[in-house]
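Below is one structure, written out as structure tokens, with a few remarks after it.
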Amino acid sequence: MPDSALTPEDAALVRDFVEIPPGLAIDRTDLERARLAQAVGGRFRKVAPGLYEIITHAPDSPAA
């Protein structure tokens, strides 16, 4: 399922919960991972097609 086959809402969900590096396309598995991450409050990083890392820490943020 290429990115163009996703609804705008699905593509936004993937962008919010799955880090996808340049050069890799969004597919159906990314949408499944995004829904899972949303349900449990986590994030995934796509390493290669079909291969994901679970992100277990919050992204670094500048001190306020």
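Derivation of every value follows stated rules applied to the coordinates shown; laboratory data play no part. Only a predicted model underlies this, so the values are computations on that prediction, with no experimental measurement involved. We place every Cβ from the backbone using ideal geometry, glycine too, and count neighbours over all the protein chains shown.
Quick notes on this one:
- Computed from backbone phi, the HN-Hα couplings of region 34-51 come to 4, 5, 5, 4, 4, 5, 9, x, x, 8, 10, 10, 7, 9, 7, x, x, 10 Hz, rounded to whole numbers (Karplus: 6.51 cos²θ - 1.76 cosθ + 1.60, θ = phi - 60°; Gly and Pro given as x).
- Distant-in-sequence amide contacts of residue 52, defined by a placed amide H-H separation under 5 Å and a gap of 5 or more residues or a different chain, comprise 47.
- With each label modelled as a point 7 angstrom along the Cα→C-beta vector, the residue 36-residue 54 pair spans 0.9 nm.
- Sequentially through region 26-32, phi angles give Karplus couplings (6.51, -1.76, 1.60; θ = phi - 60°) of 6, 10, 4, 5, 4, 5, 4 Hz, Gly and Pro residues having no value and appearing as x.
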